[in-house]
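The structure appears below as structure tokens.
The values are calculated or read from the model by the stated rules, or taken from the named source; none is laboratory data. Predicted model, so just to flag it, every value in this text is computed and none were measured. For neighbour counting, all protein chains shown are included, and Cβ atoms are generated from backbone atoms with ideal geometry for every residue, glycine included.
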Amino acid sequence: MFEEYLRDTAYFIGEGRKATHAGDVEAARRAYRVAVMLGGAAIETFVNYLASTFDAAGSKALGPYELALLLDKRFGQQDGIFKVHDQTSYSRLEDKLRFLITRFAVDLDLRSDPAWPQFMEFKRLRDSLVHSRDEEDERPVAEYDSACIRGIRANFTIMNRLSQGIFARPLRAQLHDLVDFAKA
């Protein structure tokens, strides 16, 4: 599903650009807001895909508490014994990503690679839209465009490097083309 969300994100960036060129600022903002939501959903769905892949494979690559973190299950000690509980305990997306990047020695330095702060900036934009307290969207269209481009590129970079670190192969070439489209 994450691939479809990436495609949809690129599509709505294109729609935002078309509306911008046509002078329809409201339609452009609408398209960019959708792109932001889908761009955020793409990386979250990718992490969920990784979690379910590890879970379905009965993977020994992860300990039970590591898998519980990715599957949003509560874990902890009970009577001095470590347990994974059936209860839900949501973990932040960035915490899951930090864990995966660190655990699988992905070629991405969280302190120096620009993809990480760009991902976090894009996540903050998404969160500000989802949890908005503003009555109207006054964000300039050009700001949306650049945020979407940086965001989709950062999300893709992180997803691609995780794919290489975990599966020893990059994401599909068609997805690389989407990111190239987003640069135009």
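For Leu38, state whether it is in contact (Cβ under 8 Å) with a residue 60 or more places away in the chain, under 24 Å from Arg126 (Cβ atoms) and of a type outside the set (Phe, Trp, Tyr).
It is false that Leu38 is in contact (Cβ under 8 Å) with a residue 60 or more places away in the chain, under 24 Å from Arg126 (Cβ atoms) and of a type outside the set (Phe, Trp, Tyr).
Among the numbered criteria (1) surrounded by 13 or more Cβ atoms within 10 Å (Cβ to Cβ); (2) in a loop (DSSP other than H, G, I, E, B), which one does Glu121 miss?
Only one criterion in (1) surrounded by 13 or more Cβ atoms within 10 Å (Cβ to Cβ); (2) in a loop (DSSP other than H, G, I, E, B) is unmet by Glu121, namely (2).
Within region 60-111, track down each residue that is within 21 Å of Pro170 (Cβ to Cβ) and of a type in the set (S, T, N, Q).
Once the filter is applied, which keeps residues that are within 21 Å of Pro170 (Cβ to Cβ) and of a type in the set (S, T, N, Q), region 60-111 yields only Thr102.
Would region 25-39 turn up any residue that is of a type in the set (D, E, K, R) and over 22 Å from the mean Cα position of the chain (by Cα)?
yes
Looking at region 64-108, which of its residues are surrounded by fewer than 13 Cβ atoms within 10 Å (Cβ to Cβ), at pLDDT below 90 and assigned to a loop (DSSP other than H, G, I, E, B)?
Asp79, Gly80, Tyr90, Ala105, Asp107
Given the options Thr53, Thr45, name the one that is without any contact (Cβ under 8 Å) to a residue 12 or more places away in the chain, within 20 Å of Gly165 (Cβ to Cβ) and touching a helix residue (DSSP H, G or I) at 6+ places or on another chain (Cβ under 9 Å).
Only one candidate qualifies: Thr53.
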